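Asks: The following block contains the structure, expressed as structure tokens.
The values are calculated or read from the model by the stated rules, or taken from the named source; none is laboratory data. Treat the numbers as computed from the prediction; the structure is a model and nothing was measured. Every residue, glycine as well, gets a Cβ built from its backbone with ideal geometry; the counts of neighbours run over all protein chains shown. What goes into the accessible areas is simple: the full protein's heavy atoms, side chains included, and nothing from ligands, DNA or RNA. Shrake-Rupley method; radii C 1.70, N 1.55, O 1.52, S 1.80 Å.
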Amino acid sequence: MELPSTEQLPEEFSKSVPIQRFHRFAMVRDKGVTRVHFGLLGTDNVNNYFVADLSAMNTIALEFQSLAANANQTAPTAEVQGIQIAFDTVMAFAGNYLGGDGIAACEFRFISPTGNQFVTIIGPNLAAELAGSLAEALAALPQPPVVNRTKISEAFNVNVPGEPHSSGEISTYFGQDYDTAILKALGVLVVRANLLEKSMIRLLAKLAGISQKKASSLFYSTVNMGARIDMIRSLMDSVPDEDKKIRINKALDKTRAATGRRNSLIHGDWEFKRGKFEVSSFEPNKKEKRKVQTVTHKSVELLASDYRVAGMLLEAEAHGL
């Protein structure tokens, strides 16, 4: 993947501070809230200090891990240096991963004390080598543990929790019954989400005056949709027409609203019950922290339609630049 040069970055990155490593930290608790103060040592040997609560720290840790993985994939082989990534594990599972065209692999999940999950999928042969070396390591312990032979279906989250549907057309996958209309609507939502991203990339390319390929690299340099929208907004000064700026901002507002609803749906806790499908999401900054919504194929179709409208608005403005 071709990455943009420093000169092609948006203006907001012009004051980025070069850092060399994580340096110093302190943890405090005020009014029952734990916060972490930490410093990032610059290449000028000056510490740049930040503070974050636990929720922000967990999010930052996962975002940085994802960013490092993406950077390693795009970097030349000679530039990549292997490092050890340590994390606490309180629970671990292994399960089968069945993909299309008869592809089979093994999925490993490692769960941290804070509930974060680290997931990797490896092929059967490599999994067999891992099983052999693990058995050898366990056998070499002074007091080898008894291997738990719990069935995967009893220990691993194979199926979506809840009872099967009892109304409407039903489709069954992996032993779980689903409402066919909802499955179709979710599929359409996935398609519209992908097309919306492509519309955003085209608008980014036009505003920044760069190629589609470079705009795509820049767009996918972050996985946070809010940051992507802010990236596009930062280039609005290049638009001389004030009315056009207003239209683009409205289209981006609609994009942010739709993606927020989509995130609540896709990343919530799903539970199928007889005749309905419920999704609950945790919203720590609101009075009612746990929000439960009943999902129908109509509500998913409406969300997919909002994605389509947002994409059309962005396409229209990109075309006019």
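Asks: Could you work out how much longer the chain between Val90 and Arg109 gets when fully extended? Use 0.36 nm per residue separation minus the Cα distance between them, nm to one decimal.
Replies: 5.7 nm
Asks: Pop a pseudo-label 7 angstrom from the Cα along the beta-carbon direction at both Ser171 and Asp243 and give the gap in nm to one decimal.
Replies: For Ser171 paired with Asp243, the spin-label model returns 4.5 nm.
Asks: Let me ask you something else. Using DSSP to define loop residues, name the trypsin sites (Lys or Arg not before Pro) in the range 1-58 whose beta-carbon has at most 12 other beta-carbon atoms within 10 Å. Could the numbers behind the result be given before it?
Replies: Working: sites: Lys15, Arg21, Arg24, Arg29, Lys31, Arg35; in loops: Lys15, Lys31.
In loop regions of the range 1-58 (DSSP not H, G, I, E or B), the sparsely surrounded trypsin sites (Lys or Arg not before Pro) are Lys15, Lys31.
Asks: When only alpha-carbon atoms count, how far does the range 1-80 stretch along each of its three principal axes, as whole angstroms with the largest first?
Replies: The Cα atoms of the range 1-80 stretch 48, 26, 26 Å along their principal axes.
Asks: With every protein chain left in place, what is the accessible area of Met91 in Å² (1.4 Å probe, nearest 10)?
Replies: The accessible area comes out at roughly 90 Å².
Asks: I would also like to ask the following. What relative contact order, as a whole-number percentage, does the range 200-290 give when Cα pairs under 8 Å and 6 or more residues apart are counted?
Replies: Dividing the mean separation by the residue count of the range 200-290 yields 16 percent.
Asks: Tell me the carbon and sulfur percent of the accessible area for the range 198-246, rounded to whole percent, probe radius 1.4 Å.
Replies: 53 percent
Asks: From the P(r) of the range 171-217, can you give the percent of Cα pairs sitting at distances over 14 Å? Before the final figure, lay out each step's value.
Replies: Numbers: 676 of 1081 pairs.
Of all Cα-Cα distances in the range 171-217, 63 percent exceed 14 Å.
Asks: Pairs to check: Lys206/Lys250; Lys198/Lys291; Lys184/Lys250. Give those whose C-alpha atoms are more than 24 Å from each other in this structure.
Replies: From Lys206/Lys250; Lys198/Lys291; Lys184/Lys250, over 24 Å: Lys198/Lys291; Lys184/Lys250.
Asks: Please list the radius of gyration and Dmax for the range 193-299, considering alpha-carbon atoms only, with Å as the unit.
Replies: 17.3, 55
Asks: Next question, about the same structure. If you roll a 1.4 Å probe over the heavy atoms of the protein chains, what accessible area per residue do you get for the range 171-244, in Å²?
Replies: Using a 1.4 Å probe on heavy atoms only, each residue of the range 171-244 averages 47 Å².
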